[in-house]
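Visitor: The structure under discussion is supplied below as structure tokens; questions concerning it will follow.
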Amino acid sequence: MNNINFSRALEKSCCTGCAACANVCPNNCIFMEYDDEGFLYPEIDIKKCTECGLCEKSCPAINNPVNDNFIEPEVYAAWSLDDEVRASSSSGGIFTELAHKVLDNGGFVSGARYKTNNLVEHCLINSREELHELRQSKYVQSEIGLIFRDIKKLLEEDGTVMFTGTPCQSAGLLQFLNKKNDNLLLCDIVCHGVNSPMVYLKYFNELEEEYKSKIKKINFRDKRNGWKDFGTSVVFENGKEYFCSQKREPFYRGFIKNLYLRPSCYNCQYKSFPRLSDITLADFWGINFIAENEIYKGVSLLLINSNKGKHYLEEISKYISKEQKTLKDATLKNPCILNSVTLNNKRELLFKALRKETDVVDIIQKIIDYD
């Protein structure tokens with residue numbers, strides 16, 4: 001193993017927590033552990049390590065995954081024609097329509113779902129009935145676990161899999177597999193960055209204390225006031241509900257201010273073209289060239305990055321409405337397509353304060369108001 005290269009990959013400015021190294025290790029001597037900011041990083045049991053070098057080869061931070069996708073993607077504004085699907089989705093419901101196509105053909109879909117402790121994990125499903133668990137944006141980094149191994153096994157058995165995750169998770173899966181696979185539909189999202197699970201848990205623990213009940217359901221993208229004015233809603237087991245518009249919601253405002261993102265998010269390696277995924281999914285923020293009632297319901301942004309992506313778009317065409325746009329249209333209000341977020345110089349202050357105090361909402365609001 002080239003210890004110099006892999007040591008660099010483990011640096012917090014580089015490591016995305018994709019867990020490709022843990023998945024590929026034949027001796028299971030790599031495991032993911034939370035650091036003091038709440039982010040997952042690989043730890044190595046040196047006693048079990050045979051220095052086979054597979055962890056280094058599977059790491060997208062020090063390798064360039066195979067990529068022969070379009071230099072510039074095809075861009076679309078799109079939404080599902082099923083109003084129920086659209087209403088239950090963060091934007092236009094295109095993820096659901098793609099997933100329906102894969103599932104109805106006997107395939108599997110891998111995406112992020114909530115665990116019982118309100119954290120998020122990647123899983124595999126093979127039925128429409130389970131799909132609701134994967135819908136909606138989750139504003140915390142998901143635990144990949146060993147899902148890459150399960151996906152590889154399905155692909156080796158000639159199964160079809162649709163994987164959806166952050167760009168770095170998609171890169172991790174692709175580098176872990178070490179080759180493109182005709183049966184894998186790789187989807188990523190336009191990612192602002194991933195929040196600290198520690199901050200996230202502290203925030204929701206405070207809400208549980210305030211409402212004197214455990215959380216039953218979290219929805220960061222509640223569209224009761226329309227897609228452009230979404231809010232965060234939390235339903236509690238005692239029947240009470242918390243709802244707050246994005247413009248005032250403390251956790252969301254801290255996220256937009258880049259207060260508690262993963263260190264690697266401030267210098268993301270996966271913003272450039274060609275993208276590694278077949279399809280990139282996002283909200284088409286700033287869109288103003290379609291009917292206002294359609295905008296109210298939510299509009300998806302699609303970047304079609306490969307011929308496989310084009311094929312799947314054609315496959316779902318009768319279930320969606322779409323209009324081709326330009327990359328300039330897409331990036332006008334969605335700069336994270338091309339650029340990493342800026343490091344907030346109050347980030348260190350926030351984590352230092354959290355180690356002394358427990359009131360995360362108060363800390364976030366004080367820092368935001370000070371800015």
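Computed from the coordinates by the stated procedures, all read-outs in this text should not be read as laboratory data. These numbers come from a predicted model, not from an experiment. As a convention, Cβ positions derive from the backbone with ideal geometry for all residues, glycine included, and neighbour counts pool all protein chains shown.
Visitor: Take the cross-link list LYS247/LYS356; LYS271/LYS352; LYS202/LYS346 and give me the ones stretching past 22 Å between alpha-carbons. Mind showing how you got there, number by number?
Guide: Working: LYS247/LYS356 28 Å; LYS271/LYS352 30 Å; LYS202/LYS346 18 Å.
The answer is LYS247/LYS356; LYS271/LYS352.
Visitor: Oh, and also: Tell me, what is the percent relative contact order of the range 3-57, built from C-alpha pairs under 8 Å that lie six or more residues apart?
Guide: 34 percent
Visitor: What per residue convex hull volume, in Å³, do the alpha-carbon atoms of the range 123-234 yield?
Guide: Working: hull volume 15.8 nm³, N = 112.
With only Cα atoms used, the range 123-234 gives 141 Å³ per residue.
Visitor: Across the chain, what fraction of all alpha-carbon pairs, as a whole percent, falls in each successive 20 Å bin from zero upward?
Guide: In order of increasing distance, the bins hold 29, 60, 11, 0 percent.
Visitor: May I pose another question? Over 32 Å between Cα atoms, which of LYS47/LYS217; LYS228/LYS328; LYS12/LYS366; LYS138/LYS179; LYS57/LYS217 qualify?
Guide: Going by Cα-Cα distance, LYS47/LYS217; LYS57/LYS217 fall outside the 32 Å limit.
Visitor: While we're looking at this one, here's another question. Roughly what % antiparallel, to the nearest 5, for the DSSP beta bridges in the chain?
Guide: DSSP beta bridges in the chain are roughly 75 percent antiparallel.
Visitor: Here is a further query. Hey, got a sec? Which trypsin sites (Lys or Arg not before Pro) in the range 301-368 land in a DSSP loop and have at most 14 other Cβ atoms within 10 Å?
Guide: Those satisfying the criteria are LYS333, ARG355, LYS356.
Visitor: How big is the antiparallel share of DSSP beta bridges in the range 1-150, given as a percent to the nearest 5? Could the numbers behind the result be given before it?
Guide: Details: 11 of 12 bridges.
Bridges in the range 1-150 are about 90 percent antiparallel.
Visitor: Provide the descending list of Cα extents for the range 193-264 along its principal axes, expressed in whole angstroms.
Guide: Projected onto its principal axes, the Cα set of the range 193-264 covers 38, 29, 16 Å.
Visitor: Assuming a viscosity of 1.306 mPa s and a temperature of 10 °C, what translational diffusion coefficient in µm² per second does Stokes-Einstein assign to the range 3-57, Rh being the Kirkwood radius over Cα pairs?
Guide: On the way: Rh = 11.4 Å.
Here the translational diffusion coefficient equals 139 µm²/s.
Visitor: Within the chain, which is the longest segment containing none of the GluC sites (Glu not before Pro) that sit in a DSSP loop and have at most 14 other Cβ atoms within 10 Å? Present the calculation step by step, with values, prior to reporting the outcome.
Guide: Details: sites that count: GLU11, GLU51, GLU157, GLU237, GLU357.
That gives 238-356 as the longest site-free run.
Visitor: Further question: Apply the Kirkwood formula to the range 95-177: the hydrodynamic radius equals the inverse of the mean of 1/r over all pairs of different alpha-carbon atoms; give it in Å with one decimal.
Guide: 13.0 Å
Visitor: Could you line up CYS21, CYS336 from fewest to most neighbouring Cβ atoms inside 10 Å?
Guide: The fewest-first ordering by Cβ neighbours comes to CYS336, CYS21.
Visitor: Can I ask one more? Calculate for the chain the 222 nm mean residue ellipticity that helices alone would give, adding -39,500 (n - 2.57) per DSSP H run of length 4 or more and normalising by residue count, nearest 500 deg cm²/dmol.
Guide: Values: 14 runs with 114 residues, N = 371.
Taking each H run of at least 4 residues, the total per residue is -8500 deg cm²/dmol.
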